[in-house]
Amino acid sequence: MMTKSEIKSLIEGILDGVLEQNNQQYDLDQELGQLGLDSMKSVALVIDLEEQFDIIFEDEELLVENFSSLQKIIEIVECKLTGAK
């Protein structure tokens, strides 16, 4: 099982790619929309997360609020990895 730190680091790398950043320092609660996360980039983010962590997000999980900050993304990925609801 990955540690929270490892999960956070992998997600930050994905965000760097999707948001076209280079080692951006993300505040856990910063709204990613302020950094350019729009609907098209959100789709890329979801696909990249699913591929990186070998998870699948259900349609009802694909809500803006679940992917609005690094903290929210970490939480949903951890839930998917542990099988929690």
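The values are calculated or read from the model by the stated rules, or taken from the named source; none is laboratory data. Note that this is a predicted model, so its numbers are computed, not measured. Cβ: placed from backbone, ideal geometry, glycine included. Neighbour counts: every protein chain shown.
When you go through Leu19, Leu32, Leu63 one by one, which is the residue that is within 11 Å of the chain's Cα centre (by Cα) and among the hydrophobic types (A, V, I, L, M, F, W, C)?
Working: Leu19 fails: within 11 Å of the chain's Cα centre (by Cα); Leu63 fails: within 11 Å of the chain's Cα centre (by Cα).
Selected residue: Leu32, the only one of Leu19, Leu32, Leu63 that is within 11 Å of the chain's Cα centre (by Cα) and among the hydrophobic types (A, V, I, L, M, F, W, C).
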Could you please tell me which pairs satisfy a Cβ distance under 7 Å, a separation of 6+ or placement on different chains, a first residue in region 45-65 that is over 21 Å from Met2 (Cβ atoms), and a second residue that is hydrophobic (A, V, I, L, M, F, W, C) and surrounded by 13 or more Cβ atoms within 10 Å (Cβ to Cβ)? Leu62/Val46
What is the number of the single condition among (1) surrounded by fewer than 17 Cβ atoms within 10 Å (Cβ to Cβ); (2) closer than 21 Å to Glu65 by Cβ; (3) not aromatic (Phe, Trp, Tyr) that Gln25 does not meet? (2)
If you take the residues in region 1-22 that are farther than 11 Å from Ile74 by Cα and in contact (Cβ under 8 Å) with a residue 60 or more places away in the chain, which one is surrounded by the most Cβ atoms within 10 Å (Cβ to Cβ)? Met2
Checked region 36-85 for anything in a helix (DSSP H, G or I), of a type in the set (Val, Ile, Thr) and at pLDDT 95 or above; matches are Val43, Val46, Ile47, Ile73, Ile74, Ile76, Val77
